[in-house]
Amino acid sequence: MPLPFTPSNRRAGASARWVRALLLALLALAAQWTWVGASHAQVREGEREGVDVGGNSAFSKLVSASEIEQASQQQYQALLREAAANQALVPAQDPQLKRLRAIAQRIIPFAAPWNDRTRQWKWEVNLIASPKRNAFCMPGGKIVFYTGILTSLQLTDDEVAMVMGHEMAHALREHARERMGKTAATGLGANLLGQLLGLGDIGQMATNYGAQLLTLRFSRSDESEADLVGMELAARAGFDPRAGVTLWQKMAAASKGAPPQWLSTHPSGNSRIADIEANLPKVMPLYERARRKPVP
C-alpha cells in the first residue's frame, strides 16, 4: 500500500532524490579524478624509466589511510600471536627468514616514489611455518610469507623478490583502500554523503571493514598492476625481472591448472606471462644498472 501523501513525505522524497543525485555526481567526479590522475601519471611515467600503470584511484581518497593502516597493524599482530601460540612463527635466526628480510631491505628503498606514506611505515617481514603457497603485504608495510611458497616452489632470490615486489605493490598502490572506498561509494549512499559533508567520521569504515584485510581479494586489473609495479621494484633493487616468467611457470606447474592459493581468484595463465614479457624492455635497463652496483 502506498503511503499517504503528506508534506513531510514530500520533503523526504525530495531529500532522497537530492541524495541520489549528489551521490551520482560524486561518483562521476571520482571517476573523472581517477582519469585525470592517471593522465597526469602518464606524463610523469613518460619522463621516467619503468612501467606505466597510471594514477591511483580517487576512490581510495574516500577512506582514511591511517585508519586502514591502524587496523592492519592490529590484525598483523593478532596473526603473529596466533602463529606463535601454534609454534608456527619462524624465529629471527632462521636462514629463510633472514633471506626474506635481506631481500626486503634491498627493495624497500624504492617504495617511496610510488607512495609517499611509506616514509612513515614501519616495515616488518615475518615467516609462518605452513604448507600454504601464500604471501601478502598489508597496508602499512606488514609482510608475511608462508614457508610453503618457498619450499614447494624452490624459489630463487629473484623469484622471491618478484613475489615480494608484487605484494608490496598492492600496499603501495592502496588497492585495499580503493576497494573499501568503492564499497563506501556504492553501499553507504546517504550515510557516505553525510560523512563527506562533515557529519561523521568515515575513518570508522576502516575498523568496520578491517576484518577483510587478511582475506581481501583484488581485481584482475589490480593483480596485473601489482605484477608490473612489483617487477620494477625488484629490478631497481638488482633482482632479475625475468624471474617473473619462471615464477609463474612454477606456479602453474605446482597448481596443475588450478589457481594458486597465493592468487586464488586470479589464475596466471599465458596472458599473464605475456604481459610480464612485454614489459621486460622497460625494466631490464634498471636491472642492468642496479646489478653493477655493489650490494650493501
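Among the residues of segment 144-203, which ones are modelled with pLDDT under 60, open to solvent by less than 20 Å² (accessible area, probe 1.4 Å), under 24 Å from Trp121 (Cβ atoms) and assigned to a loop (DSSP other than H, G, I, E, B)?
Gly203
Kindly indicate whether any position in segment 125-136 is open to solvent by 50 Å² or more (accessible area, probe 1.4 Å) and under 26 Å from Gly238 (Cβ atoms). Walk me through it before giving the result.
Of the residues in segment 125-136, the ones open to solvent by 50 Å² or more (accessible area, probe 1.4 Å) are 129, 131-133.
Pick out the ones that are also under 26 Å from Gly238 (Cβ atoms) and you get 133.
Yes, the conditions are met somewhere in segment 125-136.
The values are calculated or read from the model by the stated rules, or taken from the named source; none is laboratory data. Keep in mind that what you see is a predicted model, and the values were worked out from it rather than measured. Reconstructed Cβ throughout: ideal geometry from the backbone, glycine too, with neighbour counts over all protein chains shown. The accessibility values were calculated without ligands, DNA or RNA, using every heavy atom of the protein model including side chains. Shrake-Rupley method; radii C 1.70, N 1.55, O 1.52, S 1.80 Å.
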